[in-house]
Amino acid sequence: MDLKNFKWTRQPLNFTVSNDKVEIITAPNTDLWQRTYYNFRNDNAPVFQMETDEKFFSFIVKTDFAESNQRFDQCGVVMYLDSENWLKASIEYENENFQHLGSVVTNNGYSDWATVEIPANIKSMWYRFSRRESDYCIECSADGKKFSQMRICHMQKGAGKIQFGIYACSPENSSFKAVFTNFEITDCQWQTHNGQPPDSEA
C-alpha cells in the first residue's frame, strides 16, 4: 500500500513516515469528541488519511502502543469526513489493570462511545475497516488473521467520496509514540448479509 496517497488532515508536531510505517508522537490535550454527555468538544487529533470514492473495500492496519501510559491515550483507525461526521476505533488506556477497546461514531455533531474492557498488558491491535456504500464495519484482531466485529454503523454523510486512515491522540496531559504498520487495502471482506432479506425483497 502506497502511503504517498495519504495526507495529513492535521499534522502532528513530531512524526515519521516511511514506505511501510508511520510513527506519531502525540501531543497533550488532543482528541476527537463532539458534545454528547457533557457537551465537551475537541477536534484537534492528528489524522493521516487517503481519499476514495470506491464503494466496497476493506482497509487493514496494525497499531502498536507500548508507550501509552495515561488515561485515554489512544491510536487506531479513523474515517474523518469533517469535524461533525467521523468514526474511529482504538484502544484507550485507562490504568495499570485495564483499558478500553472501543469505537466512536459521530453523525451530525454528536458522538457515541461503545467499549469493552480488556487487559492493560495488550499493547498491539489490528483493525479492519470495511465499506459497503454508506454502511461501515469495524473489526479488530490480535494476530491479523482472525477478526472480530466491533461495530456496524451507518454514516449519514458517508455515501460519496470519503477519507479514511489512522489517528493518534492524548486527551489528557501526556504524550506517547504510536506505531502503525502492515497497511493493506483489499476487496471488501465484510460480506453481504445472508439471513433475512430486506422488507423490500420479502
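The values are calculated or read from the model by the stated rules, or taken from the named source; none is laboratory data. All of these numbers come straight from a predicted model, not from anything done at the bench. We place every Cβ from the backbone using ideal geometry, glycine too, and count neighbours over all the protein chains shown. Heavy atoms of the whole protein, side chains included, go into the accessibility calculation; ligands, DNA and RNA do not. Shrake-Rupley method; radii C 1.70, N 1.55, O 1.52, S 1.80 Å.
Distant-in-sequence amide contacts of Gln189, defined by a placed amide H-H separation under 5 Å and a gap of 5 or more residues or a different chain, comprise Ser58.
In this label model, Glu184 and Asn5 are separated by 1.6 nm, measuring between points 7 Å along each Cα→Cβ vector. The distance between label points at Val116 and Lys55 comes to 3.2 nm (points 7 Å beyond Cα on the Cα→Cβ vector). I'd like the Karplus ³J(HN,Hα) series for region 146-162: coefficients 6.51, -1.76, 1.60, θ = phi - 60°, whole numbers in Hz, and an x wherever there's a Gly or Pro. Once θ is set to phi - 60°, the couplings for region 146-162 become 9, 9, 10, 5, 9, 7, 10, 8, 10, 9, 5, 10, x, 8, x, 5, 10 Hz. With the gyration tensor restricted to C-alpha atoms of region 1-116, the semi-axes of the equivalent ellipsoid amount to 22, 19, 14 Å, longest first. For the pair Asp82 and Asn69, label points projected 7 Å from Cα toward Cβ lie 4.0 nm apart.
Computing the accessible area with a 1.4 Å probe over protein heavy atoms, can you report the carbon and sulfur percentage for the chain? Ligands and nucleic acids excluded, carbon and sulfur give 44 percent.
If DNA, RNA and ligands are ignored and the probe is 1.4 Å, what is the ranking of Glu23, Glu92 by accessible area, most exposed first?
Details: Glu23 45, Glu92 15 Å².
From most exposed to least exposed: Glu23, Glu92.
Backbone amide hydrogens, once placed in the peptide plane, bring Ser174 within less than 5 Å of Asn29, excluding anything fewer than 5 places away on its chain.
Taking θ as phi - 60°, what are the ³J(HN,Hα) couplings along region 110-123 by the Karplus curve (6.51, -1.76, 1.60), each to the nearest whole Hz, with x for Gly and Pro? Karplus-based 3J(HN,Hα) across region 110-123 equals 10, 9, 10, 8, 10, 9, 9, 7, 9, x, 6, 7, 6, 10 Hz. The charge dipole of the chain, taken about its Cα centre with unit charges on the Cβ of Lys, Arg, Asp and Glu (plus for the first two, minus for the last two), comes to roughly 220 debye. Only one of [x] 20.6, 68; [y] 16.2, 55; [z] 15.8, 51 was calculated from the structure for Rg and Dmax of the Cα atoms in Å, and its label is [y]. With a Cα cut-off of under 12 Å and a minimum spacing of 8 residues unless on different chains, the lysine pairs in the chain number 6.
Once fully extended, how much extra length lies between Lys161 and Tyr38, figured as 0.36 nm per residue of separation less the alpha-carbon to alpha-carbon distance?
Values: separation 123, 0.36 × 123 = 44.28 nm, distance 3.15 nm.
Fully extending the segment from Lys161 to Tyr38 adds 41.1 nm.
Sketch the reach of a paramagnetic label on Thr16 as a point 7 Å from Cα along Cα-to-Cβ, and name the residues of region 71-89 whose backbone nitrogen lies under 18 Å away. Label zone hits: none.
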